[in-house]
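Everything below concerns the one structure shown next.
The values are calculated or read from the model by the stated rules, or taken from the named source; none is laboratory data. Source: prediction; values computed, not measured. Reconstructed Cβ throughout: ideal geometry from the backbone, glycine too, with neighbour counts over all protein chains shown. For the accessible areas, the whole protein counts, side chains as well, though only heavy atoms, and no ligand, DNA or RNA atoms are used. Shrake-Rupley method; radii C 1.70, N 1.55, O 1.52, S 1.80 Å.
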Amino acid sequence: MINTLHLDAADPAARQDAIDRAARLLREGKLVIIPTETVYGLAANALDPAAVERIFTAKGRPQDNPLIVHISEFSQIEPLVSQIPPAARLLARRFWPGPMTMVLPKSRLVPMVTSGGLDTVGIRMPSQKTAHDIIAAAGVPLAAPSANLSGSPSPTNPHRCAQDMDGRVEAIVMDGDCAVGEESTVVAGEGNKALVLRPGAVTPEDLASVLGAENVTVHPSITAPLAPGQKAASPGMKYKHYAPRAEVTIVRGSGEAYRAFAAAHAGPGVWLMRFDEDGEVPGLPSLSYGSMGDPRSQAHLLFEVLREMDEKGAETVYAHGPQPGGVGLAVYNRLLRAAAFRVVDV
Ligand code: TXA
Ligand code: MG
């Protein structure tokens, strides 16, 4: 069983009590699952190497995959980094608090286990009020990867956290569905430039609106598999990720072409991950993961629908490919990994 800390907005004293209990456990070096606006995070004191070790064990996470350090105020960043490039300051001013992580040169205060052995550290200031309040009450920065077992889709509600982490953590703070549903945009800043290592709700276009389009680059590995021997810019990108048990294939094309492809590939264990607008295909079970023209709705549903496919016993999944622009780039990036880069154009 997992200890659950409930947040009752109608009862401020009980809410504060739950936050204080989570903060106390975190200060004691325990693991607590916390909500954020992106996905639920598996949190521990980022500055306590023994506590951070427990995160890696609980997730079954490779030791070289660095953790994101979460802060509640900008002033908390100063002791964690050795410098803040101008681009990072501009982006923080515009997009924090919010779904953006910045990779910066780390200070000695950040343990090597937290940064996965790198001399940089990813830092994020979440916008979700509960996350903010827990970090502030803990009084220490919190390392928090997504609260899933390594390799499975990130959890966007408490039920999915408990499925993966029951018996592995001290407590979970229950706060409903995550608003965004996909992990933060990860950006490396240098000088006046930014390199997107993982796309998210803060889009390359958003970054360009602050830094200028000429100063924003999207890492090629976001939409293509790593070539043999090529080094991943972000260690997390070299691992199999977001994958359900079913074999997923992305099918790119119009609604009509997708439906025709699906009808021709019907069979036992075959499921469709379609858009609302595609409608049902006779004889084929399906789940919608949002509206075709609304990538935010897709981001919100994608991980939950991938997990539902497992529950349905899907063996083969044909997913209608999203438009990879704006927030859709993040949806496409996650789906590509769930599909191990299997894509067909119709
Ligand atoms: O929205 C989020 O970012 C969520 C919530 C809980 O805040 N957290 C999250 O953490 O997604 P995680 O550990 O599941 O993903 C972190 C990603 C990994 O791909 C990791 O390799 C990359 O960020 N990353 C972290 N620190 C890095 C660094 N110093 N350099 C390059 N990549 C880094
Ligand atoms: Mg993760």
> In deg cm²/dmol and to the nearest 500, what is the mean residue ellipticity at 222 nm of the chain if only DSSP H runs of at least 4 residues count, each as -39500 (n - 2.57), divided by the residue total?
Replying inline: -9000 deg cm²/dmol
>> Binning at 5 angstrom from zero up to the longest distance, how are the C-alpha pair distances of region 247-345 distributed in percent?
In response: 3, 15, 28, 29, 19, 6, 1, 0
> Under the definition of Cα pairs under 8 Å and six or more residues apart, what whole-number percent is the relative contact order of the chain?
Replying inline: 19
> In straight Cα distance, which aspartates and glutamates are under 17 Å from K312, not counting same-chain residues fewer than 8 positions off?
Replying inline: E247, E280, E304
>> What three numbers, in Å, describe the spread of the alpha carbons of the chain along their principal axes, ordered from the longest?
In response: 58, 49, 39
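By DSSP, what percent of the beta bridges with both residues in the chain are antiparallel, rounded to the nearest 5?
40
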> Which of the aspartates and glutamates could be linked to K106 by a straight reach, that is with a Cα gap under 12 Å, when you skip same-chain ones fewer than 8 residues away?
Replying inline: E78, D119
> Ignoring ligands and nucleic acids, what accessible area does D20 show with a 1.4 Å probe (Å², nearest 10)?
Replying inline: 60
> Where does the longest stretch of the chain lie that holds no trypsin sites (Lys or Arg not before Pro) found in a DSSP loop with 14 or fewer other Cβ atoms within 10 Å?
Replying inline: 109-230
> Mind checking the angle between helix 49-59 and the chain's longest principal axis? C-alpha axes, 0 to 90 degrees, to the nearest 10.
Replying inline: 20
> Which whole-number percent gives the relative contact order of region 197-308, counting Cα pairs below 8 Å spaced six or more residues apart?
Replying inline: 16
